[in-house]
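The values are calculated or read from the model by the stated rules, or taken from the named source; none is laboratory data. As the structure is a prediction and not an experimental result, all values here were calculated from the model. In this analysis, Cβ positions are derived from the backbone assuming ideal geometry, glycine residues included, and neighbour counts consider all displayed protein chains.
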Amino acid sequence: MRLSFGILSLVAALGLTVVGIPRAEAKLVRARRPLDDAFAPIPYVSPANFRAASIADADQKKAIATFCADVEAQFKHWGWSDKPCDGVAWRADLKTRGGRPLIYAEFGSGKATTLLLGGVHPDELTPVPIAFRIARHLAENAGVAGQDVRVIVAPLVNPDGFLKDQPTRTNGSGVDLNRNFFTFDWYQKAKKYWQDLRERSPKHFPGYVPNSEVETIFQIQLIDDYRPDKILSVHAPLGFLDYDGPGDQKVTRLSPTQEKARRLVTSISEKADNYKVVDYNFFPGSLGNYAGNERHIPTVTLEFETTDPKKVDTYWKQFLPGIMQSIHYPYSLTPDVIETHDAPPFSAVYGPMKKRTI
């Protein structure tokens, strides 16, 4: 018995049990076991089971300490001498299916907000220590952020994919988190892109349904709760800067606000040795599509040139000025670029973050 991708998506979205039988065992299962024993549920996050992804208040401090020790051990494995978590007031409200906290930190008290994300695809390696260094840099230099800006850093969005002998692009459930956002084109294109463009590559699997992963919900909640004016997501190894947001891929005349939004990516490039800027396509379920295209939040993807763990110090020196430029670039969302009617709202039933400091 085989269920189509579309039926699986619909059933999961409705909160029902999703099942499937290996083809070779189908006849044997039907003959020898009760039907219920023959099926395995497909894991996904929903409002009905979301509480299981929350970290109890009493457990947060210990969970973060244990997690930071594990991350530091992994850093040593890759030859990085950093103590990644030191000196930062980390917060964690959610945990992965592997039980690892999804940490983030807030810096500055200003209104203009930048969200910085790292470790979405941990097999890319180099973005992970850079994202942790940014958090420590902001913590150690309180005046860097200042009173005019606020920065939210989530350095390791996919801890289950990172804390392995060999880090993976996907999370613990085998889902590519940068293809799992609920974008308008997800149901129409996500499966097709995966099948045709990626030839069903497991590491690019978008999930059975959008927003099925707690790590995806984590990023959405950061966007909803902090309402960033701009987003910087760090990846590797394509070697360019890419922009999604107001005025992107628009051939008609841009408004002054759209021009200013698009200028963000070139201003970062200028501070990073004129790093190459491209106009890369966004994909169904990607952050650039979800935040930049649909919600009109200027979203820049910084792609380092390599995943070589020995390049971390080089990238830190090269890109710190550009990263700081993304934080201080004078842009804030205004009504002429916020078109909420064309972006599906995130359901509040998942609940807001508690914003506690550990």
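Just a few scattered comments:
- Applying the set (1) buried (at least 21 other Cβ atoms within 10 Å of the Cβ); (2) under 30 Å from Phe319 (Cα atoms); (3) in contact with a helix residue (DSSP H, G or I) (Cβ under 9 Å, 6 or more places away or on another chain) to Gln166 leaves exactly one unmet item: (1).
- Residues within the range 65-89 that are under 20 Å from Pro127 (Cα atoms), out of contact with any Pro (no Cβ under 8 Å at 6 or more places or on another chain) and outside any helix (DSSP H, G or I), tallied: 6
- Lone unmet requirement of (1) touching a Pro at 6+ places or on another chain (Cβ under 8 Å); (2) at pLDDT 95 or above; (3) of a type in the set (A, V, I, L, M) for Met324: (1)
- Filtering the range 110-122 to residues that are in contact (Cβ under 8 Å) with a residue 60 or more places away in the chain, of a type outside the set (A, V, I, L, M, F, W, C) and farther than 29 Å from Gln166 by Cβ leaves Lys111, Thr113, Thr114.
- Reported count of residues in the range 107-123, each being of a type outside the set (A, V, I, L, M, F, W, C) and farther than 16 Å from Glu215 by Cβ, is 6.
- Screening the candidates Arg253, Arg262, Arg227 for the property of being touching a residue at least 12 places away in the same chain (Cβ under 8 Å) and surrounded by fewer than 16 Cβ atoms within 10 Å (Cβ to Cβ) yields one hit, Arg227.
- The criterion of being surrounded by 15 or more Cβ atoms within 10 Å (Cβ to Cβ), among the charged types (D, E, K, R) and under 17 Å from the mean Cα position of the chain (by Cα) does not hold for Asp248.
- Evaluation of Asn281 against (1) in a helix (DSSP H, G or I); (2) among the polar types (S, T, N, Q); (3) under 28 Å from Asp308 (Cβ atoms) (one fails), failing number: (1)
- Which listed residue is part of a loop (DSSP other than H, G, I, E, B) and crowded, with 19+ Cβ neighbours inside 10 Å, from Asn171, Asn178: Asn171
- The set of residues in the range 106-130 that are under 16 Å from the mean Cα position of the chain (by Cα) and over 27 Å from Glu305 (Cα atoms) is empty.
- Condition broken by Cys68, with the remaining ones in (1) of a type outside the set (Asp, Glu); (2) out of contact with any helix residue (DSSP H, G or I) (no Cβ under 7 Å at 6 or more places or on another chain); (3) closer than 22 Å to Ile217 by Cβ satisfied: (3)
- Residue match in the range 182-202 (condition: in contact with a helix residue (DSSP H, G or I) (Cβ under 6 Å, 6 or more places away or on another chain), of a type in the set (D, E, K, R) and part of a loop (DSSP other than H, G, I, E, B)): yes
- Extreme residue, modelled with the highest pLDDT, among residues of the range 131-151 that are of a type in the set (Val, Ile, Thr) and surrounded by fewer than 22 Cβ atoms within 10 Å (Cβ to Cβ): Val149
- Pro256 being of a type outside the set (Val, Ile, Thr) and touching a helix residue (DSSP H, G or I) at 6+ places or on another chain (Cβ under 9 Å): no
- Any hit, the range 291-304, residues being at pLDDT 75 or above, within 23 Å of Asn180 (Cα to Cα), in contact with a Lys or Arg (Cβ under 6 Å, 6 or more places away or on another chain) and surrounded by 17 or more Cβ atoms within 10 Å (Cβ to Cβ): yes
- Filter result for Ile223 (aliphatic (A, V, I, L, M) and closer than 20 Å to Arg295 by Cα): yes
- If you go through the range 256-298 and keep only what is under 20 Å from Leu115 (Cα atoms), touching a Ser or Thr at 6+ places or on another chain (Cβ under 7 Å) and among the hydroxyl-bearing types (Ser, Thr, Tyr), you end up with Thr257, Tyr290.
- Of the helices (runs of 4 or more DSSP H) entirely within the range 123-164, those holding at least 3 residues that are in contact (Cβ under 8 Å) with a residue 60 or more places away in the chain occupy 127-140, 159-162.
- Residues within the range 203-216 that are in a helix (DSSP H, G or I) and under 20 Å from Gly288 (Cβ atoms), tallied: 4
- Which listed residue is more than 19 Å from Leu232 (Cα to Cα), of a type in the set (Asp, Glu) and at pLDDT below 95, from Asp336, Asp313, Asp279: Asp336
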